[in-house]
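Each remark here refers to the structure printed beneath this line.
Since every read-out is calculated from the coordinates, none of them should be taken as a lab result. The model shown is predicted, which means the values in this text are computed figures rather than measured ones. All Cβ positions, even for glycine, are placed from backbone atoms using ideal geometry, and neighbour counts span all protein chains on display.
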Amino acid sequence: MKTKTFLLLCLLLGIGLTQLNAKKRNSGTTVTTQSGVWNGYEVPVYCNGNMIDDLTGTVNYLNFLFWKDGNWVREIHYMWGEVQSTKPPLFEAFKVIEIDHCVASTGIDKFTVFLIGNKGSNYVGTFIYYFNTGQLELVKMICSKCDK
């Protein structure tokens with residue numbers, strides 16, 4: 001499973017870097033990168049429309065920031081790491097991979113998160129985060145195990 005996760009991450013980074021090179025050719029467009037560790041990651045987990053858990057933990061991140069004529073245009077974030085359940089009786093550990101796409105003109109961050117649990121639970125969710133209100137909206141979450 002670690003190999004699959006690593007290969008998926010390499011694939012996603014390859015796609016991101018390919019798009020990075022394409023965008024650099026545009027006049028006035030530059031790209032900067034940021035990377036590090038974030039010890040405040042949190043994501044809710046839904047199954048059949050009901051929030052069943054809230055996962056927290058530490059993730060690594062790699063951000064690509066796109067600028068046009070000195071103005072921020074958009075960002076692409078890749079995050080991966082380990083998170084833990086916070087609600088009993090679940091208390092499951094998860095590997096997390098998240099891919100974000102933030103657009104300055106819309107003020108939203110649309111992201112997809114992949115959660116792989118050590119007790120057999122797997123979730124794939126899509127969310128929208130609104131910068132101006134701080135609201136997180138669930139678009140869709142697929143869960144493989146809801147009967148805990």
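About its Cα centre, what dipole magnitude does the stretch 41-117 give when the only charges are +1 on Lys and Arg Cβ and -1 on Asp and Glu Cβ, stated in debye to the nearest 20? Before the final figure, lay out each step's value.
Details: 5 positive and 10 negative charges, 31 e Å.
It comes to approximately 160 debye.
Per the Cα gyration tensor, the stretch 48-132 maps to an equivalent ellipsoid with semi-axes of 29, 14, 9 Å, ordered largest to smallest. Taking each residue as 0.36 nm, the span from GLU82 to LYS119 lengthens on full extension beyond its C-alpha to C-alpha distance by 11.9 nm.
Using 0.36 nm per residue and subtracting the Cα-Cα separation, the extra length available between LEU138 and ASN48 on full extension is 31.2 nm.
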